[in-house]
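First up is the structure itself, then whatever we jot down about it.
The values are calculated or read from the model by the stated rules, or taken from the named source; none is laboratory data. All figures in this text were calculated on a predicted structure; none of them were measured in a lab. Every residue, glycine among them, receives a Cβ derived from its backbone with ideal geometry; neighbour counts consider all protein chains shown.
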Protein chains: 2
Amino acid sequence: MPTTSAQPDRRTAILETAAQLFAQQGINGTTVRDIADRVGMLSGSLYHHFPSKDAMVEAILNEYVDAILARYRAVAAEVADPRERLDRLIHVSIETAFAHPYATEIYQANAPQLAETGSAALREGARSIQQTWLSTIKDGVAAGELRADVEPNVFYRMLRDALWLSVRWYRPRRAGYSVQKLADDCTAIFLEGFTLRD
Amino acid sequence: MPTTSAQPDRRTAILETAAQLFAQQGINGTTVRDIADRVGMLSGSLYHHFPSKDAMVEAILNEYVDAILARYRAVAAEVADPRERLDRLIHVSIETAFAHPYATEIYQANAPQLAETGSAALREGARSIQQTWLSTIKDGVAAGELRADVEPNVFYRMLRDALWLSVRWYRPRRAGYSVQKLADDCTAIFLEGFTLRD
DNA sequence: GTCTATAGCTGGATAGAC
DNA sequence: GTCTATCCAGCTATAGAC
């Protein structure tokens, strides 16, 4: 049995610390010394675990994208109706965002660059995420459940930015419930609109 | 009459080039040499016009925030009804975003840090912008025109992120009209919702 | 697996000639 | 107002002892 250590994995500890700093100070704004200091080692020692600083970014984002796609697959398997599936996608996305707040911030802050310089695996994951949303939205429009006068792409991008960036400003008081409420609010706004109904 | 030069202002040229690079590569990812190269001078010469790289960022964002607030004041003077004022704020914000796309990207990408490290003038401007939105939304709720079951703050932040970040992905085909359409779509989504009405 | 020590670069910024 | 030349701090990454 390989690596059955009960001790907290060093590699994981480094990645968590790095993710927090990358999110707070930016990738360029964080030095390998910053990371090493927080973990309690010297910067040179980091290179026993990772070949480069960029490799840490890669590792953080790959795990993150995999976590998102796993949840999306579960939703796709459970819910068929487009309108309801959209509702579920919003909920699991917000849950994932607050389960991985640092990775979410890093991903969103660097999305423009990652589209060009990211690894092939990462770009494929991003494409898959987008595809999940767009096909669901298009199905909803085709089924007559969603508006046809706004392009699916426009709706998707606005929803995406509002959704994922909520980790920047929303502070859940108790884990779980209040994140649920945020997801409910997001669904209410984007699907029903903010104008009061009669 | 001071500085009636018909030649394009050097200082302005530097700021426009810097803004573009800051937006595309990030502030930390852009060197003073990058900026100087594009302008067609050597990096040392930049320091005749600005005391530091940070001063360029400051200048870009101060002009930008002033431009936003000027438009918001015009809207406040013109429109009294909260629901309609919200509609107008969305429209002028998207117009401003596409009139200053680089500054918009810089501002949004660095909003978390600017709240701490930004100049007093900048923080005051940010507060004023937020106040404009929040008071309008609260007036709408009080008037019974807008939903009371979603906190104004939650609605504001989601609208804000969706709105300003549209410069990251939306490419207007012809200046003017298509930006109008985007603003219309944004109003439709946030005020009416994406669900089809009967 | 971590430390010591440092190589090798690149960054922002400056001084003074022109 | 721009250039030449350069300082020096800070960065990533490496080599080898322990």
Residues located in segment B:124-162, provided they are out of contact with any strand residue (DSSP E or B) (no Cβ under 9 Å at 6 or more places or on another chain), within 8 Å of another protein chain (Cβ to nearest Cβ) and assigned to a helix (DSSP H, G or I): B:Val154, B:Arg157, B:Met158, B:Leu159, B:Asp161, B:Ala162
Total residues in segment A:163-198, condition small (Gly, Ala, Ser) and either facing chain B (nearest Cβ under 7 Å) or surrounded by 15 or more Cβ atoms within 10 Å (Cβ to Cβ) (or both): 4
Residue under evaluation B:Ala13, criteria (1) out of contact with any Asp or Glu (no Cβ under 9 Å at 6 or more places or on another chain); (2) surrounded by 19 or more Cβ atoms within 10 Å (Cβ to Cβ); (3) away from every other protein chain (no Cβ under 14 Å), criterion not met: (2)
Test result for A:Ala120, without any contact (Cβ under 8 Å) to a residue 60 or more places away in the chain and of a type in the set (A, V, I, L, M, F, W, C): yes
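Taking the stated definitions as given, is A:Gln113 modelled with pLDDT under 95 and within 11 Å of chain B (Cβ to nearest Cβ)?
For A:Gln113, the condition - modelled with pLDDT under 95 and within 11 Å of chain B (Cβ to nearest Cβ) - is met.
Here's the yes/no breakdown for (1) within 14 Å of chain A (Cβ to nearest Cβ); (2) surrounded by fewer than 17 Cβ atoms within 10 Å (Cβ to Cβ); (3) over 12 Å from the mean Cα position of the chain (by Cα); (4) not acidic (Asp, Glu):
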residue	(1), (2), (3), (4)
B:Ile27	yes, no, yes, yes
B:Arg38	no, yes, yes, yes
B:Ile60	no, no, no, yes
B:His91	no, no, yes, yes
B:Glu95	no, yes, no, no
Any hit, segment B:67-76, residues being free of Cβ contacts under 8 Å to residues at least 40 places away in the same chain and within 11 Å of DNA strand D (Cβ to nearest atom): no
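Among the residues of segment B:8-55, write down those that are among the charged types (D, E, K, R), in contact with a helix residue (DSSP H, G or I) (Cβ under 7 Å, 6 or more places away or on another chain) and within 11 Å of DNA strand C (Cβ to nearest atom).
B:Arg33, B:Asp34, B:Lys53
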